[in-house]
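> What follows is a structure written as structure tokens; I'll ask about it next.
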There are 6 protein chains.
Amino acid sequence: MRVLAVGAHPDDLEILCGGTLARFVQEGHDVVMCHATRGNRGSFVHTSEEIAAIRGGEALRAAELCGAEYACLGFSDAEINAADRDQQRAVIDLVRDARPDLIITHSPGDYMGDHNEISRLVFDCSFYAALPLYETGKPYHSEITPIYFMETIMGHGFQPSEFVDISSTMATKVAMLEAHESQLTWLKDHNDVDIVEQMQTVSRFRGQQCGVQYAEGFVPCLTHLRGTTRRLLP
Amino acid sequence: MRVLAVGAHPDDLEILCGGTLARFVQEGHDVVMCHATRGNRGSFVHTSEEIAAIRGGEALRAAELCGAEYACLGFSDAEINAADRDQQRAVIDLVRDARPDLIITHSPGDYMGDHNEISRLVFDCSFYAALPLYETGKPYHSEITPIYFMETIMGHGFQPSEFVDISSTMATKVAMLEAHESQLTWLKDHNDVDIVEQMQTVSRFRGQQCGVQYAEGFVPCLTHLRGTTRRLLP
Amino acid sequence: MRVLAVGAHPDDLEILCGGTLARFVQEGHDVVMCHATRGNRGSFVHTSEEIAAIRGGEALRAAELCGAEYACLGFSDAEINAADRDQQRAVIDLVRDARPDLIITHSPGDYMGDHNEISRLVFDCSFYAALPLYETGKPYHSEITPIYFMETIMGHGFQPSEFVDISSTMATKVAMLEAHESQLTWLKDHNDVDIVEQMQTVSRFRGQQCGVQYAEGFVPCLTHLRGTTRRLLP
Amino acid sequence: MRVLAVGAHPDDLEILCGGTLARFVQEGHDVVMCHATRGNRGSFVHTSEEIAAIRGGEALRAAELCGAEYACLGFSDAEINAADRDQQRAVIDLVRDARPDLIITHSPGDYMGDHNEISRLVFDCSFYAALPLYETGKPYHSEITPIYFMETIMGHGFQPSEFVDISSTMATKVAMLEAHESQLTWLKDHNDVDIVEQMQTVSRFRGQQCGVQYAEGFVPCLTHLRGTTRRLLP
Amino acid sequence: MRVLAVGAHPDDLEILCGGTLARFVQEGHDVVMCHATRGNRGSFVHTSEEIAAIRGGEALRAAELCGAEYACLGFSDAEINAADRDQQRAVIDLVRDARPDLIITHSPGDYMGDHNEISRLVFDCSFYAALPLYETGKPYHSEITPIYFMETIMGHGFQPSEFVDISSTMATKVAMLEAHESQLTWLKDHNDVDIVEQMQTVSRFRGQQCGVQYAEGFVPCLTHLRGTTRRLLP
Amino acid sequence: MRVLAVGAHPDDLEILCGGTLARFVQEGHDVVMCHATRGNRGSFVHTSEEIAAIRGGEALRAAELCGAEYACLGFSDAEINAADRDQQRAVIDLVRDARPDLIITHSPGDYMGDHNEISRLVFDCSFYAALPLYETGKPYHSEITPIYFMETIMGHGFQPSEFVDISSTMATKVAMLEAHESQLTWLKDHNDVDIVEQMQTVSRFRGQQCGVQYAEGFVPCLTHLRGTTRRLLP
């Protein structure tokens, strides 16, 4: 199976579905980890270009730790915009390149604009990618891929309907998130948040909800042509 | 795996999850089909005792067609009552006898009292069945069993989150429902409803929602101690 | 058309659907106004029997002002209980006597137990009333009657999906409510609430929501066998 | 009454509300059937211009079968965009030309971007069309028109609150949909879907939910200035 | 202010609102901690009477650690029943004795019957307690008390709308829960659950949701006569 | 505390939260009242420039009556667009200028596009305003500010979870709304709506829901980094 995971910023996938992606890899599936922006506004101390370069390196290391392929759409932080034709084409091409059997992305009602916009872009464009006459220079993808929405940050307004046991990949998930050194510092300084501890709490909380050590929660996108009768998650 | 399915009346399971139960049997699992009432008020032409006897026979034949074990709680139609201590003990003993790994029952917001009451009885009593000091003469069941709610009649207010492909067992499901000859007649006469055609429409509708020929839809009961990280449905 | 309206206490129907009932009468339909309890605990100054007698008289006058038939189930305040077999039989017989084409009752999530219990009794028993073998000495009612839920008290948690213009019957509605003199006093004293003004505010609020002077809001009970393709409300 | 129905692509209205539109015409109302895009990306075998020409002809035939007036906004498939000022003006002018008493369009949470965007355009622009100072060269429409949302494709996440009996117009509805020959082929080839059979299943399912042979389901858009106390649907 | 907290079993309040109760006490309010059952079925090794005696002692110690008054309704585990007249009278008298300005109890949709039944009993009876003519030998309580629902066990289906910072009372909360030694053992043995660690995870999770170290989440019961314009929680 | 209230048009804040803003001022807080558009399309008799000038004056008087600072984003009616980069920068700068501790704005599901777009702009941009590298020439705001959503117009689809008692500021609220003379006339003529009476009805209705004379209702925006453990509303 080919899995495409799309987060807004470097580190979002690590926080919200890193353990699941590692399990996909463990079980022999191909995983592409894509962040939409370059992370170019996530710093108090660096210039935009500096921080983008740093975060690109961190995200690459995180993907390597997971065993996933790395991709970045190159958008700017705070500028993801589902109404933007160029961004739409970029996401269509991402899907056409990855040719996924399963897509994971943000929930539609998350805590900031970029998350909500990339969720909508992935929803819209994974459909448009299947239209031969939407020409982008790349061959169309021949199916409307099932989508799973990952948790909102800190779970506000989110109730998982499917859980993935990540006990066996929790150490990898922690390592993946710790690869984002610059972000750990910024969020510590800016919001007094230790995102590793926060991620561990949520993973433990979800684990307790389904009777395992650590878990991640998801809800399927239940719309026409995306339904399924099999469990696609690990 | 041991599967316990509990419907309010003879024919409810056949309508709402017959194809899924047949698939469980096909795949080697043990299935108990239990209806709560004797169906003793479902007639315009027979006495209560006559119709109960007729319907007991029909339900037994349906269970045999499915390859399931047959059970009946012996309650009266229109008298299922989750606040009744004797009925609670009967359901506790049903669970303690069946020792299920999975329970299927009605959704809490269905179209008539008996459906809603048995749903609550199964929810409550599958928990109480695990308490050693709730003494009924039968040994306690050692786990809080996951529950899947089947569809409401005609799907009002219900959105499945999991689908089971019943294309391979649709013929069995039809045969099971047709075993309820008395009920086909009564609903035809009383409500001008052809429940076989109705069931086929719903099964086809659910099939179209998830991309197969025929399907049945369910929602898991997501509460503490009933969560899981695996797909339990076929 | 025959309309059966069932409220928990004397004055509930007047507050929540009096204008609609008056319109039904205006348009030539038969209306039965039934309150479940005798109102026998709604006083700070009278004995239980005294207040029940007073309120029975008030309710009768209110029904007369509306042009409706008057009925009372004779239950005690604070003792409506959907799990009680005798109360079930009483509501079955109410339905079998009224033979309604349309039922109006409380919403399931209202502000006190009696309201919620009578709502469930009406839902359950209007189904059971159609079963010939549920014998109560009265002939079964030959259809499962559509139900409309009226507003919760002060609209908490309630969003109407259908509105009835009661501008032409607002004066009657006020008179009907004012017939409940004892209750106006008690709620004024006990809760510092002027229920006439309160009712006028809600009626005006609902009117503004649908573009008329005064309105009442309802939601249909959308379950199997109760659906319709026509507007049943005035 | 003047009815304006707006679907995303040629064939959407036929699938989701064709029977209701035919009933409006039957009862003497004026109906405009408008599809937002030219259907110019709905093919595997034709060029964009070829397929747009073919589908325009099919949609015109379908409208004629219904007795409705035909309109097309001329947008491109996969490019409907509620944030686009030119598209907004086009929809404002559509409303100003049609001067509807009732609008029917897609639900906001449907299965693909174009459906969701046209839903939002119709919601926004049917309001803006009433502002005299929003100048487009056409006279403003003097009311905020009530909107009914039609079903999502295959009913995911949708619960109708009003039903229309289309038993008498089902044959017309089938003929209207069959007029979209190119689309029948494409969806058969691309997604292995027989949209006529699919439409029949849904229409039958909705019919069973409300006690008729065939039905279509809708939910009113309940917002300020769009409320009503009458049934506007047939 | 007088606060009445009512849980189903000994230890429920400690898990779900112990930190909040300790804060109420800290700030000078009077708190009554009441568990509905004697905990008489919560053991694998003791007889019913033995475990009830043990758990009564544990609950008393927990209340003392909190500085709260201790109460027990004396019901049996697995037998809380909102339809039971005797249980209703017991809860009415509890309210009439405590005369609370604020009530905290279980959410209506929790994971087992006892929790849901006591929630309904408290909702119903805190209203009935205000009726002078509902005679129980104790004077009626003169107000309809606001209710806050505490979290479901492990937060399934629950979204807090108000948070209480319990960082300063977390140590007390842990000690209160650890006072329930017998229960720690039983749940460890029976369900392999460490309820102290589980409680800490949830408290930390809720804390992260609102920006403090540890928190508890609640939702107000928003019905007529229970609304307020002030924050009642600490 | 610094409070920033952002409405779509002149008069929206007056209708939906004027009493609360006046209370904030009364209690010594700083309030900025900002309307997004110039109100330049809200007339049947004036040119766009004329009406914009008139309404600017009216809004300024209303803010003065409240004791609030006045601001306007200068957008055009019917053109608020959350996907517009320039509008995003304008809202970011509004937040960076106001440096609020609390933001009040429209609910996401209100009755017209401008309301929904400004709600989304405020949600998105109050986050982006905190990013140092999103450079607009103004210093970044150092926190993600809590947001409260005010009621939809006429309360459709809205259930308040927090109420503010505005009995003491109701006279000011009426005066503030009456300052919008041009709008009173236009809505009277255009929609036959007396918005002062309408506002009074809603304020009284909300007051009755929470036991005071007049009230306004709100729901907090519960997302990551915006949670709180204190009541921020008066």
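The values are calculated or read from the model by the stated rules, or taken from the named source; none is laboratory data. All values derive from a computational prediction rather than experimental measurement. Cβ: placed from backbone, ideal geometry, glycine included. Neighbour counts: every protein chain shown. Surface areas here come from the heavy atoms of the whole protein model, side chains and all, with no ligands, DNA or RNA. Shrake-Rupley method; radii C 1.70, N 1.55, O 1.52, S 1.80 Å.
> Stretched out fully, how many nm does the piece from E:Lys138 to E:Ala53 gain, at 0.36 nm a residue minus the Cα gap? Can you show the working numbers first?
Working: separation 85, 0.36 × 85 = 30.60 nm, distance 2.79 nm.
Contour length minus Cα-Cα distance gives 27.8 nm.
> Let me ask you something else. Using a 10 Å cut-off on Cβ to Cβ distances, tally the other chain neighbours for every residue of D:131-139 and report the average as a whole number. Spell out each step's value before the answer.
Values: counts 7, 9, 13, 7, 2, 0, 0, 0, 0.
Mean inter-chain Cβ contacts per residue within 10 Å come to 4.
> Let me ask something additional. Rounded to whole Å, give me the distance from the Cα center of segment D:1-59 to that of segment F:53-117.
39 Å
> Per residue, how much accessible area does the protein assembly as shown show when a 1.4 Å probe rolls over the protein heavy atoms, in square angstrom? Please list the in-between numbers first.
On the way: 42710 Å² over 1404 residues.
On a per-residue basis, 30 Å².
> Can you list the copy-to-copy distances for F:Glu197, using a point 7 angstrom from Cα toward Cβ, in nanometres, shortest first?
In ascending order, 1.8, 5.4, 5.9, 6.0, 6.6 nm.
> Can you pull the accessible area of B:Val122 for me, 1.4 Å probe, Å² to the nearest 10?
0 Å²
> Still on this model: Which of the three applies to segment E:15-130, rounded, prolate or oblate, going by the alpha-carbon gyration tensor with a ≥ b ≥ c and a/c under 1.5 meaning rounded? List each step's numbers first, then the result.
Working: a/c = 1.69, a/b = 1.08, b/c = 1.57.
Judged from the Cα gyration tensor, segment E:15-130 comes out oblate (a/c at least 1.5, b/c at or above a/b).
> OK, next. Using a 7 Å offset from Cα along the direction of the beta-carbon, what are the separations from F:Gln26 to the same position in each other copy, nm, ascending?
For F:Gln26, the other copies' label points sit at 3.1, 4.0, 6.0, 6.0, 7.0 nm, shortest first.
> Looking only at other chains, what is the average number of their beta-carbon atoms within 10 angstrom of each beta-carbon in E:89-95? Spell out each step's value before the answer.
Numbers: counts 0, 0, 0, 1, 0, 0, 0.
Partner Cβ neighbours, averaged per residue: 0.
> Could I have the simple spin-label model distance between F:Arg85 and C:Glu181, label points 7 Å from Cα toward Cβ, reported in nm to one decimal?
Those two pseudo-labels are separated by 7.5 nm.
> If contacts are Cα pairs under 8 angstrom and at least 6 residues apart, what is the relative contact order of chain A in percent?
Details: 461 pairs, mean separation 56.4, N = 234.
Rounded, it is 24 percent for chain A.
> Hey, any idea what % of segment D:125-199's accessible area is carbon plus sulfur with a 1.4 Å probe? Each step should come with its number before you reach the end.
Working: 1210 of 2470 Å².
Within segment D:125-199, the accessible surface is 49 percent carbon and sulfur.
> Excluding residues fewer than 8 places away in the same chain, name every one of the aspartates and glutamates whose C-alpha is closer than 12 Å to that of E:Lys138.
The reachable aspartates and glutamates, counting only those whose Cα sits under 12 Å from E:Lys138, are E:Asp93, E:Asp97.
> With springs connecting C-alpha atoms under 10 Å apart, model chain C as a Gaussian network and identify which of C:His141, C:His115, C:His46 has the largest mean-square fluctuation.
Maximum fluctuation in the GNM of chain C, among the listed residues, is at C:His46.
> Taking H as built 1.01 Å from N, whose amide H comes closer than 5 Å to the amide H of A:Ala8, not counting residues under 5 places away?
Here the answer is A:Ala36, since their amide H atoms fall under 5 Å of that of A:Ala8.
> State the residue of chain D whose Cβ is nearest the axis carrying D onto E, and the distance in whole angstrom.
D:Gly157, 9
> Connecting C-alpha atoms closer than 10 Å in a GNM of chain A, tell me which of A:Thr152, A:Thr223, A:Thr201 has the biggest fluctuation.
It is A:Thr223.
> Oh, and also: Over the alpha-carbon set of the protein assembly as shown, divide Rg by the Kirkwood Rh and report the Rg/Rh ratio to two decimals. Could the numbers behind the result be given before it?
Values: Rg = 31.0 Å, Rh = 33.0 Å.
Taking Rh as the inverse mean 1/r over Cα pairs, Rg/Rh reads 0.94.
> Run through every distinct alpha carbon pair of segment F:1-81 and return the Kirkwood hydrodynamic radius in angstroms, one decimal place.
Numbers: mean 1/r = 0.0786 Å⁻¹.
Across segment F:1-81, the inverse of the average 1/r is 12.7 Å.
> Heavy atoms only, probe 1.4 Å: what % of the accessible area of segment E:1-80 goes to carbon and sulfur, would you let me know?
Values: 1300 of 2610 Å².
Its accessible area is 50 percent carbon and sulfur atoms.
> Considering chain C as a Gaussian network with a 10 Å cut-off on Cα pairs, which listed residue, C:Glu143, C:Glu27, C:Glu178, attains the greatest mean-square fluctuation?
C:Glu27
> Return the calculated 222 nm mean residue ellipticity for the protein assembly as shown, to the nearest 500 deg cm²/dmol, obtained by summing -39500 (n - 2.57) across DSSP H runs with n ≥ 4 and dividing by the residue count.
Working: 42 runs with 600 residues, N = 1404.
Only helices count here, giving -14000 deg cm²/dmol.
> Let me ask something else. With a Förster radius of 30 Å, plug the Cβ-Cβ distance of E:Arg99 and F:Thr228 into 1/(1 + (r/R0)^6) and report the FRET value to the nearest 0.05.
Values: r = 31 Å, r/R0 = 1.03.
After rounding to 0.05, the efficiency reads 0.45.
> Right, something else. Given bins 10 angstrom wide, list per bin the percent of all Cα-Cα distances in chain F, short to long.
Computed distribution, short to long bins: 8, 34, 39, 16, 2.
> Hey, another quick one. Threshold 30 Å², probe 1.4 Å: give the residues of segment C:112-129, in number order, that are less accessible with all protein chains present than with their chain alone.
Output list: C:Met112, C:Gly113, C:Glu117, C:Arg120, C:Phe123, C:Phe127, C:Tyr128.
> Tell me the total accessible area that F and A bury against each other, 1.4 angstrom probe, in square angstrom rounded to 100. Don't skip to the answer; put the middle values down first.
Numbers: alone 10280 and 10280 Å², together 18600 Å².
Chain pair F/A: roughly 2000 Å² of buried accessible area.
> Can you list, shortest first and in nm, the gaps between the label point of D:Lys138 and those of its counterparts in the other copies, using a point 7 Å from Cα in the C-beta direction?
3.9, 3.9, 5.8, 6.9, 7.0
> First measure r as the distance between the Cβ atoms of C:Ala171 and B:Ser168, then evaluate 1/(1 + (r/R0)^6) with R0 = 60 Å and state the FRET efficiency to the nearest 0.05.
Working: r = 66 Å, r/R0 = 1.10.
My answer for the efficiency is 0.35.
> Right, another one. E:Gly74's amide H: which non-local residues (gap 5+, or another chain) put their own amide H closer than 5 Å, with H modeled 1.01 Å from N in plane and none for Pro or chain starts?
Result for E:Gly74 returns E:Arg38.
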